[in-house]
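Data block below; observations after.
Nothing in this text is a laboratory measurement; each read-out follows from the coordinates by a stated rule. Nothing here was measured: the structure is a model prediction, and the numbers come from that model. Positions of Cβ are generated from backbone atoms using ideal geometry, with glycine treated the same way; all protein chains shown enter the neighbour counts.
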Amino acid sequence: MKIAFIVAKFPLLSETFILNQITGLIERGHEVDIYGMISNDNLKVHPAVEKYHLLTRTYYHPLLPKNYFWRLVKCLGLILVNFPRAPLKAPLVVLRSLNIFKYGRRAASLRLLYSVIRFLEAKPYDIIHCQFGTLALDCMIWQDIGAIQGKLITSFRGYDISWFIQQQGEHVYDSLFANGDFFLANCEYFKIKAMKLGCDEKKIVVHGSGVDCNQFTFKERHSHTDGKFRITTTGRLVEKKGIEYGIRAVAKLAKLGKDIEYNIIGDGCLKENLQQLIYSLNVADRVKLLGWKNQPEVIEILNNSDIFMALSVTAEDGNQDAPVNTLKEAMLMGLPVIATLHGGIPELVKDGVSGFLVPERDSDAIAEKLTYLIAHPEIWSSMGQAGRAFVEANYDMNKLNDELVQIYQQVLMQDLLVRQEEALASVAKLRYKA
């Protein structure tokens, strides 16, 4: 199959689930092109980016100058360069993208034209897979003007089915649900939300975000002879990740004299706020903001950890999480976990079996479960074993990539069956008239 992935910023260390799908499809012999809105300037990238030469398959949205005159000049240059490469397709796509009566300010500002330049040389795809519903809204317009062709599949992954709905209203996806070919939700929680918003239950399935189980080696967890307890969190430093409450919980235990080291892997807009909180709670010697790490570095840190925390909360803007991959990775490595009763996370963590679930924004409850785990290191091993077994059974990347190929094939087969039925109906009408 020939497949187009529509993504936002690419490649991102925090979105290994997209990389896993892309590389899995390539390994299965399918042709994959990647269309990103902007490139990632971070020097740290996942090893798979280089291994599979993914940047050679990636086409980025041209930078849009703020000054309209220079925007127009650059636009003319892009057209002159790209017209000879697609002499039949380019004129129609360019003219349609300038239709201000249909596309309004998007066309008048040349934003639409800039967004379709990278598709001019693209041949028809079997599947166009939009990673996040917000991108699928743009893709429908690109399809409408003939810039890109293929069956449209949309993955709902988190902010697009939570924050975006709160911002844009419950009808923002009406046209997508009516015209999109198929939908994936990365957890049951978001599937139900999509159906409540109007998605046909026959056109949506749960397809979790996979992880490469072989990359994460299981390790029996036991208390250390030095008496120190090492806790880790991996995630963007944004409100939704609830990292503030983990810091507060660790500070409570520090006051009780517990020897704790809390490492937080990631970066984001709340970095300064969280650093100030760490100083104000007098735990700068115990809590460290480590910044982004690549996968080998993350694995090394997890290997030396005792407990993992993923404390997602519903942000004020409505943003929510699915079962996060960093939590799956920690469970694969045998870490007992503390997570929140939030979004799709209870579908991953079984309370009292592979870890503990606590209410959102409840640092007291987090501290209580941390205290219990620290006092009972004998349960770490059984929790770790249960966690790995569950992730292997439900989120193995290879199983899910096989499933993804089957979904693509079923979507294409349904389209074939519809065309066959239409052809048979036409033949029947002709016979009736005769």
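Brief remarks on what is shown
- Distance from segment 313-339 to segment 1-66 (C-alpha centre basis), Å: 24
- Of S39, Q414, Y125, farthest towards positive along the dipole that unit charges on Lys, Arg, Asp, Glu beta carbons give the chain: Y125
- Farthest towards the positive end of the charge dipole of the chain, among the residues Y59, I247, M309, is the Cα of Y59, using unit charges on the Cβ of Lys, Arg, Asp and Glu.
- Counting only Cβ charges, +1 for Lys and Arg and -1 for Asp and Glu, the dipole size of the chain around its Cα centre is about 1540 debye.
- Restriction of the GluC sites (Glu not before Pro) in segment 140-234 to DSSP coil positions whose beta-carbon has at most 14 other beta-carbons within 10 angstrom yields E170, E220.
- Remark: segment 213-394 carries a charge dipole of roughly 240 debye about the Cα centre, counting +1 on each Lys and Arg Cβ and -1 on each Asp and Glu Cβ.
- Relative to the dominant Cα principal axis of the chain, helix 16-27 is inclined by about 60°.
- Crossing angle, helix 243-255 versus the chain [Cα axis fit, 0-90 degrees, rounded to tens]: 0
- Alpha carbon centroid spacing (whole Å) that separates segment 153-172 from segment 83-146: 22
- With both labels modelled 7 Å from their Cα along Cα-to-Cβ, the L341 to H222 distance reads 3.6 nm.
- Whether segment 258-351 is rounded, prolate or oblate, judged on the alpha carbon gyration tensor where a/c under 1.5 counts as rounded: oblate
- Whole-Hz ³J(HN,Hα) from phi, Karplus 6.51 cos²θ - 1.76 cosθ + 1.60, for segment 314-325, glycine and proline x: 6, 5, 4, 8, x, 5, 9, 10, 8, x, 6, 5
- For the chain: rounded, prolate or oblate by the Cα gyration tensor [a/c cutoff 1.5]: prolate
- Under-5 Å amide H pairs with Y262, H placed in peptide plane, nonlocal only: I231, V287, K288
- Helix-only [θ]222 nm of the chain, DSSP H runs n ≥ 4, -39500 (n - 2.57) each, per residue, nearest 500: -13500 deg cm²/dmol
- Spacing of the modelled spin labels on D317 and E360, each 7 Å from Cα toward Cβ, amounts to 1.5 nm.
- 3J(HN,Hα) couplings calculated from phi for segment 144-159 with the Karplus curve 6.51 cos²θ - 1.76 cosθ + 1.60 (θ = phi - 60°) are, in sequence order, 4, 8, x, 6, 9, 10, x, 6, 8, 10, 10, 9, 9, 10, x, 4 Hz; Gly and Pro show x.
- Taking 0.36 nm per residue of separation and subtracting the current Cα-Cα distance, fully stretching the chain between K51 and Q409 would add 126.2 nm.
- Rounded tilt (10° steps) of 380-394 against the dominant C-alpha axis of the chain: 10
- Whole-Hz ³J(HN,Hα) from phi, Karplus 6.51 cos²θ - 1.76 cosθ + 1.60, for segment 164-174, glycine and proline x: 5, 5, 5, 6, 9, x, 6, 9, 5, 9, 4
- Loop GluC sites (Glu not before Pro), segment 251-340 (other Cβ atoms within 10 Å of the site Cβ: 14 or fewer; DSSP): E316
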